[in-house]
Amino acid sequence: MHLIAAAPVVLVATAFAIPLIYLKIKSVKVFHAVALSVTLTVFFMTLLGYVYVSQVGEPVVYRMGGWPPPLGIVYEADSFSTLLATYTAFIIVFVTLYSSWYLGSDTGTPYYYSLLLGLEAGLLGIYYTGDIFNLFVMLEVLGITCYGLVAYYRNSKEAVEASIKYAFFGALAGLSYFLAAVITYASFGNLTMGLVAAESRPTFRLLTPFVDLFTWGNVIAAVAVILALSLWTFTFKAGIFPNHFWLPDAHPAAPTPISAILSGLVVNAGAYTSARLLYTVFGVYDPLSSFYSLSPYLGTVLSALGAFSAIFASVMMLVQNDVKRLIAYSTVMHLGLIFTGLSLGTPAGVKAATYHILTHAAGKALLFMSVGVAIEVSKTRRIPDLKAVGRLSPVVGIAIAAACFSLVGLPPLGGFFSKFALYQAYIEVGRFELVAVLLASSGIAMLGYLKVIYPTLFGSQTSDIETHRLGGPSMLLPLIALIALLVILNPLVISLAIDSASRSLVYADRYIIKALEAFVNYITSGG
Amino acid sequence: MDTNFLERFLVIFALYNLLATIGVSIYGIVARPHITKKIIALTILGDALNVLAIFLGFKPSSIPPVLLKTDTISEGDIIKFATSAVDPLPQALVLTAIVIGLAVNLFLIFLALQIFRLYGTLDSRKIRELRG
């Protein structure tokens, strides 16, 4: 599976090549074309990877440089990670197209694309990697590019302040995960996710070469510390209360296409890594794992934090005057719901959370991009001053409405089905308080979204609109594509994909066996 | 006082020293208002964690992880090597972490410079455009 491993490499190589090309070629249009073609290529690479993993029907291990698991870094792609990676690459293609409309002939464009491609490389690396330390590297790649993009308008006080806040605590969170990785190495003797997972399950432990490492120290306490440190990092990345404080500053300060990526895709990396660590690596929710005893504590903490994030953020949405801050708080709310789904520990909960990650990403990217058009023509982010773009451009109007309705959860759109799946997952385990949280936060958030819909669709301010900014395929095509995506995200269409993805996460046996196989094959073939 | 005791004392002393450094640097990050001091504290925290990682691979009276004997290697040689050599992997991890830390620090320092240009101060109590 060279294609999977090549995707981040292609992105990083292009990201470094772009500033060099800029030395010779000064035309900004060239860079729009380069970025679009590279993201499109990477999308097809991830799609082929997804198709391949689906056909094989089990995780695929790619050994970097041919080194086997405990010695070298491996990429281990299963249907969960390839689904998210393909979806991410798909949305980034459209955001890149939208960027070419948004940036126009801005002279910072080459650096913007350089960072954007680095960001995509970090995301894909996070999804594909099968190595705990490589995950740290990829988190930092993602982090540094995000800080840079938030500070893209480097002469704006708001952007620089938001970026230093984000970067400072991001660096601290990165160090926290580094400590967790070091403790993992000290307790398990290796850093490959599949092999750490094998050691966590007594049924697989005899097959690993590291059995005697369990003889000293209390490994359950060590895992509790590892999980505490790494979940702190991941909830920071995902913007879960109390680590959400940077998000409503950083997401609005970035250029609008970047807000769409940060709110729609980057936060998912936090949810993905939490799920991977909890379900696959340590098997906290797996009754056969040595760490099953930690599940009540983690379940309580994560669902409480998720539920509080959802309620708190939906209330905060109501008091915002800045449209981008309002949408940023909506991100905190949805990530809260995703974390409550992940904290249940049941296949239905994971399935619903995965589904909600997909619908939220599409809805949020669409909302930021369509509201971005309104901000662009109104030249302000104050909600009452937004012009009624929906009256002049039906596509933008439909996009704002569709995104809001999907995020609230109205029936024909994807958001309804994912919220319904969450509701069913809560009912299945009898967590009625979470049902109340889901309904209350959606209801309160509905009022927040109406604040956005009203001036942009039904407002009376249509004067002084620069109508030439309201057209153009590079703005309309992404909006139309994501509206279509919200309709396609229907259980009839994607139920099978989400089902196999969540099964691959919850039942980690094949993941472990493939990693062990890669190790044993190396030993038996005599190196 | 034999050398063994001295070595063990030094190892424990270094460990507590590291933990104290981590505590002081977290205090610096949280409590100092000046952004440059916060960045310095963050650097100290990063370095302390790196040394902690090296420390985990260290064994008292150990040898470098290089097997110098190349012609005839017996099983005993390998066992002796495996039990007395330090673990090289944390050192490789730390090398990566140092490079990443360099990038993050450079970026933070650039942002601090930009903040000083825009606000005329680096006192984080006076930089309050955003409410969080």
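The values are calculated or read from the model by the stated rules, or taken from the named source; none is laboratory data. The structure presented is a predicted model; accordingly, all values stated were derived computationally and were not measured. Here the Cβ is made from the backbone with ideal geometry for all residues, glycine too, and neighbour counts use every protein chain on show. Surface areas here come from the heavy atoms of the whole protein model, side chains and all, with no ligands, DNA or RNA. Shrake-Rupley method; radii C 1.70, N 1.55, O 1.52, S 1.80 Å.
Below are the figures for this structure:
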| read-out | value |
| --- | --- |
| For the range A:178-200, residues shielded by at least 10 square angstrom of accessible area compared with the chain on its own, probe 1.4 Å | A:F178, A:L179, A:V182, A:Y185, A:A186, A:L191 |
| Solvent-accessible surface (1.4 angstrom probe) belonging to B:I73, in square angstrom, nearest 10 | 80 Å² |
| Area of B:T43 that stays accessible when all protein chains are in place (1.4 Å probe, Å², to 10) | 50 Å² |
| Relative contact order %, chain A, counting alpha carbon pairs below 8 Å whose residues are six or more apart | 16 percent |
| Listed residues A:E433, B:E7, A:E199 arranged by accessible area, highest first, probe 1.4 Å | A:E433, B:E7, A:E199 |
| Computed accessible area, A:R154, all protein chains, 1.4 angstrom probe, square angstrom | 130 Å² |
| Chain lengthening between B:A14 and B:T121 when straightened (0.36 nm per residue, less Cα-Cα) | 34.8 nm |
| Pairs beyond 30 Å (Cα-Cα), from A:K157/B:K38; A:K237/B:K126; A:K237/A:K351; A:K351/A:K387; A:K29/A:K364 | A:K351/A:K387 |
| Euclidean distance between Cα centres, the range A:57-75 to the range A:468-523, Å | 21 Å |
| Solvent exposure ordering (accessible area, 1.4 Å, most first) of A:V350, A:V429, A:V319 | A:V319, A:V429, A:V350 |
| Mean-position separation - Cα centroids, the range A:96-132 and the range B:24-60, in angstrom | 31 Å |
| Percent accessible area from carbon and sulfur atoms, the range B:3-119, protein chains only, probe 1.4 Å | 73 percent |
| Sequence-distant residues sharing a close amide H with B:H34 (under 5 Å, placed H) | B:S124 |
| Exercise: per-residue mean of other protein chain Cβ atoms within 10 Å, A:246-256 | 1 |
| Set of aspartates and glutamates near B:K37 by C-alpha distance (under 14 Å), chain-local residues within fewer than 8 positions excluded | B:D123 |
| Accessible area buried, both sides summed, chains B and A with 1.4 Å probe, Å² | 3100 Å² |
| Solvent-accessible surface ranking, highest first, for A:K324, A:K387, A:K29 at 1.4 angstrom | A:K29, A:K387, A:K324 |
| Rounded if a/c under 1.5, otherwise prolate or oblate - the range B:3-119, Cα gyration tensor axes | oblate |
